[in-house]
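**Q** Take this structure, written in structure tokens, and hold onto it; I'll ask about it next.
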Amino acid sequence: MLKIILFGIAVVIAGVLAYAATRPDTFRVHRTASINAPPERIFPLIDDLRSGERWSPYYRKDPAMKGSYTGPASGPGAAFEFAGNKDVGSGRVTITDSTPPGKVTMRLQMFKPFAADNTAQFTLVPRGEITDVAWAMQGQQPYLAKVMGLFFDMDKMVGTDFAAGLASLKAIVETRGGES
């Protein structure tokens, strides 16, 4: 009887591992918010990594997060290296491309809890007096991430953070015009 149970467990594990192998090799998480302001008022809050302290959800997940800024104050080359609790991890974000007032692209290198090298991008598309702001992240999904993805919904977890960050950005811009 024990052999049958062990064989059944082995079959289930093999099935899960085989199914994980069929999952996509890449991932993409994307959220959008409409902000009642022109892109020129929103863009500086994204292009200057220090401004993230005001609206990024990751500062709220770990108010004691440690970090250091290097490079220029904004635009390509601006970087922030951080180390936080289990909800934030540690890593480095670097602006790789900045096209005012419509796009900021960043490289997100995570060191902990898992190594990852992803691309994050903000796009700002004016629509009359409203600007649609999209926050997206994409990257490779190695086999271990595919297995974990069967049990944890990364789109939901990260997407919830993105939605919260965009809501904070919206509140800052619409209530105070983005000014300090």
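The values are calculated or read from the model by the stated rules, or taken from the named source; none is laboratory data. Owing to the predicted nature of the structure, the values given are computational and were not obtained by experimental measurement. We place every Cβ from the backbone using ideal geometry, glycine too, and count neighbours over all the protein chains shown. Side chains are part of the model used for accessible areas, which takes the heavy atoms of the whole protein and leaves out ligands, DNA and RNA. Shrake-Rupley method; radii C 1.70, N 1.55, O 1.52, S 1.80 Å.
**Q** Enumerate the whole-percent occupancy of each 10 Å bin, from 0 to the last occupied one, for all C-alpha pair distances of the stretch 49-149.
**A** Bin by bin from 0 Å, the calculated values are 14, 43, 32, 10, 1.
**Q** Roughly what angle does helix 154-176 make with the longest principal axis of the chain, taking Cα atoms, 0 to 90 degrees, to the nearest 10?
**A** Value to nearest ten degrees: 10.
**Q** Top to bottom by accessible area (1.4 Å), largest first, where do F111, F122 land? Can you show the working numbers first?
**A** On the way: F111 100, F122 5 Å².
Greatest to least solvent exposure: F111, F122.
**Q** When only Cα pairs under 8 Å and 6 or more residues apart are kept, what is the percent relative contact order across the chain?
**A** 29
**Q** While we're here: Can you give the local net charge around Q140? Use residues other than it whose beta-carbon is closer than 10 angstrom to its beta-carbon, Lys and Arg +1, Asp and Glu -1.
**A** Local net charge: -2.
**Q** Also, quick follow-up: What lysines sit close enough to K156 to cross-link, taking a C-alpha to C-alpha distance under 29 Å and skipping anything fewer than 8 places away on the same chain?
**A** K156 reaches K61, K66, K86, K103, K112, K146, K170.
**Q** Let me know the whole percent of all Cα-Cα pairs from the stretch 47-95 that are separated by more than 12 Å.
**A** Looking at the stretch 47-95, the distances longer than 12 Å represent 59 percent of pairs.
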